[in-house]
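We did not get these values from a lab; they are worked out from the coordinates using the rules stated. Model, not experiment: these values are computed from the prediction. Cβ sites come from the backbone with ideal geometry, for glycine too, and all protein chains shown count toward neighbours.
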Amino acid sequence: MASSQLGQLYKELQQAFMSGNLQQTGVLLARLKIGLTEAGLLVPFGNPNPQDLVVARDILEVGAFWSIRTKDIPSFDRYFSQLLTFYNDYSSLLPPSPREYPLRGLNLIRLLTQNRIADFHTTLESLPLPADSLTANPYIAHPINLEQWLMEGSYSKVWNAREEAPTEEYKFFVDSLMGTIRNEIASCEEAAYDSLPLKDAATLLFFKSTNDVLAFAKQRGWQVDLGAQKIHFAKKAEDKVEIPKERLIAANLQYARELEQIV
Amino acid sequence: MADVEMKVVDAKEEKKEDKTTTEEKKPVPLTPVAEIKANVALIERAVSTLEPRFIHRVLRSLMHLRKKLDDKVLRDAIQAIYPTDSPAKQSLLPWLPNAPAEESMDVDSTPAASKQPQSEPIPEVEIYLRLLIIHHLLTSAETYAKATKLAHETVDKMQALSRRSMDPIAAKVWYAVERAYELGGELAEARPLFLAAQRTAALRHDDETEASLINRILRSYLQYSLYDQADKLVSKTSFPAAAGNPQHARYHYYLGRIKAVQLNYTAAHTNLQQAIRRAPPAKTAPGFYQAVHKLSIVVELLMGDIPERSLFRHPVLEKALAGYFEIVKAVRNGSLSQFQNTLSNYAAQFEADKTYTLIVRLRQNVIKTGIRRLSLSYSRISLRDICVKLHLDSEEDAEYIVGKAIRDGVIEGRIVHEKGWMECGGQKSGYGPEVSDVFSRRISYCLELHNQSVKAMRYPLNAHRKELAAAEGAREREKELAKEIQEGDLDDEGPDLGEGF
């Protein structure tokens with residue numbers, strides 16, 4: 001495919017993306033990817049022209065944003081791993097992209113929502129920023145704060161952080177985080193309270209109406225006392241401590257054998 | 001303060017070298033030239049008797065010798081070892097700057113030069129001399145480029161020769177290659193070279209080179225924070241068990257670092273413990289000792305343990321661990337504000353040690369410790385007070401945090417929402433099935449240690465023959481004794497024996 005044709009498509013893509021025409025963007029992206037592959041730029045190899053690389057990077061970046069807007073996470077994952085080549089290996093050749101950190105931040109949040117905490121930290125470590133200035137970057141600071149709050153249990157802060165998302169796309173992930181958080185809070189409540197007034201439960205769980213709470217309580221199997229407006233958490237029956245006989249026997253036999261070898 | 005910092009960093013730089021060599025104290029100080037010549041003789045002996053042990057001895061003295069090298073020493077050594085017009089000599093000498101005229105006169109008049117060796121020494125000797133030259137070139141910044149070039153040439157030569165008796169030296173050469181690249185500031189470029197060499201080494205079961213190379217690659221990955229790649233390398237390769245202790249120590253240190261980043265603290269702790277145990281004594285390699293301990297303290301804190309206080313009084317560690325000591329104090333007290341202050345005070349140091357992000361993760365541990373302390377000292381405490389005591393932002397937060405702590409089993413208790421307080425339950429009794437788990441964990445550790453030490457015992461070759469001979473002798477004597485007793489029956493002692501019956 002001639003590069004002029006690629007350039008034409010690229011311009012169209014930018015227009016479509018700017019105007020927010022998701023369907024059109026998707027179609028163009030598919031065609032552009034074929035074009036990039038033929039030009040050997042999708043997975044760059046050797047020493048291509050930096051100008052071409054910038055265009056390829058732009059296209060992939062648009063693709064990543066488009067995936068999030070169409071809520072296609074696996075597709076975002078693919079675009080992002082392709083982009084990593086441009087961000088890491090060609091960082092000395094190319095001018096830094098303004099979209100790099102928003103995308104890196106989005107990737108971090110994605111890992112957070114999928115509860116891949118280990119990956120989250122590995123990715124964080126490999127960011128090309130000095131660790132003590134991570135929080136100075138708004139796009140990176142957001143996921144870092146979220147993770148910290150989630151881990152220590154400051155759920156209300158996570159809830160409030162919805163509004164502070166640095167770009168529009170973050171909100172998509174933050175919404176899906178809410179589901180996770182509600183379940184977390186619910187499991188904490190089951191352990192920490194005997195009973196809870198219905199209204200307070202609603203505030204704790206960030207529900208707007210009691211009806212939502214009732215539906216949620218049903219889902220989790222809580223006993224709701226409508227008369228007293230209270231939720232009772234079924235006390236877990238004091239589970240009987242079973243002696244793990246087989247394991248103990250096996251362990252003791254093992255000791256005996258080892259001791260015999262020593263003596 | 002700055003001075004101290006520099007020293008620590010210097011020591012760290014040094015550590016890599018110090019580590020590999022336990023200094024060998026020679027009773028009589030030899031001149032460097034004589035020492036090199038003695039080493040060359042040892043190498044030749046090693047190759048002719050197929051005993052790599054002699055080469056190891058030579059390499060142990062490498063560090064010690066390296067400090068004494070200069071142009072003249074190397075020049076003299078090469079003159080003395082090679083016959084006058086040997087091609088190897090022609091290839092080695094250009095790497096050293098030309099000596100002034102009168103000095104070469106001196107060389108000629110020395111007795112060493114008068115009895116020129118006639119035969120060409122084996123290639124191992126050449127590689128060894130090249131190694132010495134590389135190390136020498138690496139001592140000054142101007143010759144880094146030259147060192148890199150020589151290192152390349154040496155590697156090519158080694159691969160062309162491909163002699164198994166050369167492997168131990170080759171492992172050291174790879175270290176020199178890495179050093180040359182690193183000092184030249186282009187460590188990343190050396191990676192493809194290392195990866196290719198590692199494959200070859202693995203195929204040839206060249207354990208020492210492979211171990212050395214795996215460590216080189218891991219180090220290069222971690223230097224550039226490529227934890228994913230490092231993790232994949234670890235999972236795809238198996239570290240040769242026959243490798244030396246220093247290589248093992250490094251490998252465990254790198255593993256510990258990777259595991260810590262992946263939140264696998266227990267595994268990281270095990271690896272770091274291994275690294276500490278296998279590392280050379282603290283005085284010999286202070287930098288490595290400090291680096292491992294720094295990481296190990298953070299990992300221990302992340303696991304919820306508090307490191308021993310005596311560690312921070314260790315003469316080698318005391319200064320290097322100052323910042324970490326403050327962090328430990330903050331975690332122990334469960335004081336968030338103290339923790340934040342320490343973190344910002346020592347941020348630069350933690351960043352340099354690459355432990356900053358790990359330490360940031362400690363925040364939740366600080367909170368947990370704080371709640372735990374409160375739950376132990378109060379039977380009932382209002383959420384408002386918790387909030388004040390732990391410097392939390394709001395009561396609402398406090399409620400969630402306490403709830404999470406209860407669910408995670410950090411404390412025993414309930415929240416009474418209507419009254420806004422937390423009631424702390426009694427402590428769990430310390431006896432249950434988990435006790436047997438802990439017990440079996442400890443016992444299996446002891447047994448493992450015992451088995452490992454039995455496996456690690458070394459026996460001198462053929463020593464059992466002597467014992468056999470001794471046993472044979474004993475049997476002979478016994479026979480004689482038996483014979484005598486039999487014969488003795490006829491003696492006058494016979495009746496005495498009989499009385500006993």
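Based on alpha-carbon centroids, what's the gap between the range B:199-277 and the range B:343-373 in Å, whole number please? If you average the Cα positions of each part, the centres end up 26 Å apart. If R0 is taken as 22 Å, the Cβ-Cβ distance between A:GLN219 and A:LYS245 corresponds to a FRET efficiency of 0.05.
Taking the Cβ of each residue in A:GLU147, B:GLU487 as the centre, tally the other Cβ atoms inside 10 Å and list the residues starting with the fewest.
Details: A:GLU147 21, B:GLU487 9.
Final ranking by Cβ density, sparse to dense: B:GLU487, A:GLU147.
Considering only A:PHE207, A:ASN252, A:GLN219, the residue lying farthest towards the positive end of the dipole of the range A:196-263 is A:PHE207, judged by Cα position with unit charges set on Cβ.
Result for chain A in a Gaussian network model with C-alpha springs under 10 Å: among A:GLY221, A:GLY26, A:GLY153, the largest mean-square fluctuation is at A:GLY221. The distance from the alpha carbon centre of the range B:66-81 to that of the range A:153-221 is 74 Å, rounded to a whole number. By the gyration tensor of its Cα atoms, with a ≥ b ≥ c the square roots of the eigenvalues, what is the shape of the range B:221-334: rounded for a/c under 1.5, prolate for a/b over b/c, or oblate? Verdict is oblate for the range B:221-334. Taking amide H as placed 1.01 Å from N in the peptide plane, B:SER382 has its amide H under 5 Å from the amide H of B:MET422, each at least 5 places away in sequence or on another chain. Classify the range B:363-424: rounded, prolate or oblate, from the alpha-carbon gyration tensor (a ≥ b ≥ c, eigenvalue square roots; a/c under 1.5 rounded; otherwise prolate if a/b is larger than b/c)? Here the range B:363-424 falls in the rounded category.
Classified by the C-alpha gyration tensor, the protein assembly as shown has an oblate form. Its axis ratio a/c, with a ≥ b ≥ c, is 1.5 or above, and a/b does not exceed b/c.
Look at where the Cα atoms of the range B:318-338 and of the range A:83-137 average out, and the two centres are 30 Å apart. Over the C-alpha trace of chain A, radius of gyration and Dmax come out as 26.0, 83 angstrom.
Sequence-ordered 3J(HN,Hα) estimates for the range A:191-205 from the Karplus curve with 6.51, -1.76 and 1.60 and θ = phi - 60° stand at 7, 9, 10, 7, 8, 8, x, 4, 5, 5, 4, 4, 5, 4, 8 Hz, glycine and proline given as x.
The sum of -39500 (n - 2.57) across all DSSP H runs of n ≥ 4, divided by the residue count of the protein assembly as shown, sets its helix-only mean residue ellipticity at 222 nm to -21500 deg cm²/dmol.
What ranking of A:ILE140, B:ILE133 emerges when the number of other C-beta atoms within 10 Å of each C-beta is taken as an exposure proxy, fewest first?
Details: A:ILE140 21, B:ILE133 25.
Taking fewest neighbouring Cβ atoms as first place, the list is A:ILE140, B:ILE133.
For A:LYS230, what residues show an amide H to amide H distance below 5 Å, using hydrogens built from the backbone and excluding near sequence neighbours? Under 5 Å from the amide H of A:LYS230: A:LEU198, A:ASP225.
What FRET efficiency would be calculated for the residue pair A:GLU12, A:ASN49, taking the C-beta separation as r and a Förster radius of 25 Å, to the nearest 0.05?
0.70
What number, in percent, do you get for the relative contact order of chain A if the mean sequence gap of Cα pairs under 8 Å and at least 6 apart is divided by its residue count?
Numbers: 189 pairs, mean separation 27.5, N = 263.
Taking the mean separation of contacting Cα pairs over the length of chain A, I get 10 percent.
In terms of other Cβ atoms within 10 Å, B:GLU478, B:GLU35 run from fewest to most in the order B:GLU478, B:GLU35.
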